[in-house]
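Taking it in order: structure first as structure tokens, then the write-up.
The values are calculated or read from the model by the stated rules, or taken from the named source; none is laboratory data. All values derive from a computational prediction rather than experimental measurement. Cβ coordinates were reconstructed from backbone atoms using ideal geometry, including for glycine residues, and neighbour counts include every protein chain displayed. Areas reflect the complete protein model, heavy atoms only, side chains present, ligands, DNA and RNA absent. Shrake-Rupley method; radii C 1.70, N 1.55, O 1.52, S 1.80 Å.
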Amino acid sequence: MSRVLRLGALGCSSIAARRTLPAAAAVGELALTAVAARSPEKAAEFAGRFHTAAMTYDELLDSGDVDAVYVSLPTSLHHEWTRKALLAGKHVLCEKPLTLNLEQAVDLAELATKQNLVLRENFTFIHHPQHTRVRDLLDAGRLGELRTFTASFGIPPLPADDIRYQPSLGGGALLDVGVYPLRAALFLLGPDLRVTGATLRFDEGGVDVAGHALLTSASGVTASLDFGFQHSYRSRYELWGSAASLSLDRAFTPPPGRQPVLRIEEQDHVEELWLPPAHQFELSLRSFAVAALAGRDESEAAWLSSSVDTARLADEVFSNAAGVSDERTVTR
């Protein structure tokens, strides 16, 4: 394999166009060598915009000029095409959520391990150093004994024809925005989490558009998570301990130039920690490229475990949820 990871983009999605592929151009360890779309016209458009070759899905997976694949297809297609890419010997960076359910996530994790390939779920926010700083403060006891974690990720209603309103394509608020608070809970509280209650609100088309989940850790920390497509924008979390609380705004989607502020509140004292800005898309892509170029090692098991745990918790939310609407069927 070359010293630069040759990346093929499988799917010409909005997130690929707006965030991932522009960020890839700034990562020295990566070179975009191909794009593929369902329609030749869309592939040609992306190829022209990003100065690369246009291919079909199968041509991209067969190409000797592609070492790794970035999958940004509709969620319902993630499992199928990530599996095909791994079987073709390609490392894979797949947009979140990795799969529709736990069974599919386990299958891909086992296959990546068997193939000795790097498989990452593209939760870019995990790579922003602000969250590592939060976890370091927790581990140092800055908040005392942690009691409660709350997180919210909500966005305004989407255009009516957005694929996230289509259950057959893996749409819905839980798998689009709800997985962010779930992943944050895993990152900050550890893997020993279980869902003890949940509610999902469905629209007339049968897709979940909002929800709430209550989780509990093995040590008794509770996590209260809210998410949805029916809200003013909110992206934040708070940790409440026996000695202090810590809150962070724009937790999941901070602009690259934004300086994060960790606000720590005690009974008679408020402290604000200002952190350097960071480009989480570039950091995620660089981490993936470096891992793939070095060859899969034992540290990749932790990334796969986190993806499997996220899928497990999402399944538990679905199974625990009491729906609120006239239509309560979700195609998964």
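What order do you get for 212-219, 286-293 when each peptide is scored by the mean count of other beta carbon atoms within 10 Å, highest first?
Descending mean neighbour count gives 286-293, 212-219.
Under the definition of Cα pairs under 8 Å and six or more residues apart, what whole-number percent is the relative contact order of region 213-326?
Numbers: 95 pairs, mean separation 14.6, N = 114.
Relative CO of region 213-326 lands at 13 percent.
Once amide H atoms are placed 1.01 Å from N in the peptide plane, what residues at a sequence separation of 5 or more from G206, or on another chain, have their amide H within under 5 Å of its amide H?
none
Can you give me the accessible area per residue for the chain, using a 1.4 Å probe, in Å²?
43 Å²
Taking all protein chains as present, what is the carbon and sulfur share of the accessible area of the chain, in % to the nearest whole number, probe 1.4 Å?
Its accessible area is 49 percent carbon and sulfur atoms.
³J(HN,Hα) across region 245-254 via Karplus (A = 6.51, B = -1.76, C = 1.60, θ = phi - 60°), whole Hz, x for Gly/Pro?
Result, ordered by residue: 10, 10, 10, 9, 8, 6, 5, 9, 9, x Hz.
Determine how many Å³ per residue the convex hull of the Cα atoms of region 5-124 encloses.
Details: hull volume 10.8 nm³, N = 120.
It is 90 Å³ per residue.
Please express the shape of region 50-97 as an equivalent ellipsoid: the semi-axes are the square roots of 5 times the eigenvalues of the C-alpha gyration tensor, given largest first in whole angstrom. Numbers along the way, then the final one.
Numbers: eigenvalues 59, 32, 18 Å².
Working from the Cα gyration tensor, I get semi-axes of 17, 13, 10 Å.
What order, most packed first, do the peptides 75-88, 267-280, 93-106, 37-50 have when packing is the mean number of other Cβ atoms within 10 Å of each residue?
Peptide ranking by packing, descending: 93-106, 75-88, 37-50, 267-280.
Which of S14, G178, V4 sits closest to the plus end of the dipole of the chain, meaning its Cα is farthest towards the positive end, when Lys and Arg get +1 and Asp and Glu get -1 on the C-beta?
Of the listed residues, the answer is V4.
Could you rank Y70, Y233, Y180 by how accessible they are, 1.4 Å probe, largest area first?
Y233, Y180, Y70
For the chain, would you read off the P(r) tail past 38 Å as a percentage of all alpha carbon pairs?
Values: 7645 of 54946 pairs.
I get 14 percent for the Cα pairs in the chain exceeding 38 Å.
Taking Cα pairs under 8 Å and at least six residues apart, what relative contact order does region 1-71 come out at, in percent? Write down the numbers at each step before the final one.
Details: 118 pairs, mean separation 29.3, N = 71.
This gives 41 percent for region 1-71.
By how many nm would the segment from H51 to A140 lengthen if fully extended, with 0.36 nm per residue of separation less the alpha-carbon distance?
Length gained, H51 through A140: 27.3 nm.
Starting from the Cα of A25, step 7 Å toward the Cβ, then list every residue of region 32-75 with an amide N under 13 Å from that point.
Under 13 Å, as judged by backbone N against the label point of A25, lie 32, 46-52 of region 32-75.
Calculate how many DSSP beta bridges within the chain are antiparallel, expressed in % of all such bridges and rounded to the nearest 5.
So the antiparallel bridges in the chain amount to around 55 percent.
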